[in-house]
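J.: I am attaching a structure below and will ask some questions about it afterwards.
The values are calculated or read from the model by the stated rules, or taken from the named source; none is laboratory data. All figures in this text were calculated on a predicted structure; none of them were measured in a lab. As a convention, Cβ positions derive from the backbone with ideal geometry for all residues, glycine included, and neighbour counts pool all protein chains shown. Surface accessibility is based on the protein's heavy atoms, side chains included, excluding ligands, DNA and RNA. Shrake-Rupley method; radii C 1.70, N 1.55, O 1.52, S 1.80 Å.
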Amino acid sequence: MAIGDDPHSILVVDDDPDIRAIAALALVDLGGLRAVFAANGPEARREARAQTPDLVLMDLHLADGEDGRALWRVLAGEEGAGKVVFVTAARGGEAEVLMAEPGCLGLITKPFDPLTLAETLRQLWMTRP
């Protein structure tokens, strides 16, 4: 459930510890949002089960070949996660395919601006279907 214009809880899934640290700074410290973090699929499933996040900020390409889209489908189906915003360093025609994913609110490319990340997620959240 959302409180006002903010998602109540955000699950950030990224295998890069530096990206998780920057996201923590951007979302929690600067953005005043509530977020939990996971480095891989098992951690993400565990956090999603414990938190049932409204929004998942999901790295598209995780370590060891783990697919962020496939993981999102698990989190949305089995764990009841709300919506997703994918994060990727890849460029190209992925956006259309990703936006067709059920529950996808948008795509953010790395490197993202930590000063605007929370506001970007708020704007995407407010336009949710």
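J.: Which residues, counting only those in the stretch 61-87, are within 14 Å of the chain's Cα centre (by Cα), modelled with pLDDT of 85 or more and not in a helix (DSSP H, G or I)?
T.: Correct list: HIS61, LEU62, ASP67, GLY82, LYS83, VAL84, VAL85, PHE86, VAL87.
J.: How many residues are under 14 Å from VAL87 (Cα atoms) and in a helix (DSSP H, G or I) when one looks only at the stretch 32-45?
T.: 0
J.: Which pairs turn up if I take residues in the stretch 18-31 that are within 17 Å of LEU62 (Cα to Cα) and assigned to a helix (DSSP H, G or I) and look for partners that are open to solvent by less than 70 Å² (accessible area, probe 1.4 Å) and among the aromatic types (Phe, Trp, Tyr) with beta carbon separation below 7 Å, at least 6 apart in sequence or on another chain?
T.: Listed by first residue and then by second, the contacts come to ARG20/PHE37.
J.: Is it the case that ALA50 is over 11 Å from the mean Cα position of the chain (by Cα) and not in a loop (DSSP other than H, G, I, E, B)?
T.: Values: over 11 Å from the mean Cα position of the chain (by Cα): yes; not in a loop (DSSP other than H, G, I, E, B): yes.
In short, yes.
J.: Which one of ARG45, ARG20, ARG34 is charged (D, E, K, R) and over 18 Å from ALA118 (Cβ atoms)?
T.: Going through ARG45, ARG20, ARG34 in turn, the sole match is ARG45.
J.: State yes or no: is ALA44 among the hydrophobic types (A, V, I, L, M, F, W, C), touching a residue at least 12 places away in the same chain (Cβ under 8 Å) and open to solvent by 10 Å² or more (accessible area, probe 1.4 Å)?
T.: no
J.: Shifting gears a bit: Only residues that are under 14 Å from ASP29 (Cα atoms) and part of a loop (DSSP other than H, G, I, E, B): list them for the stretch 114-129, please.
T.: PRO114, LEU115, THR116
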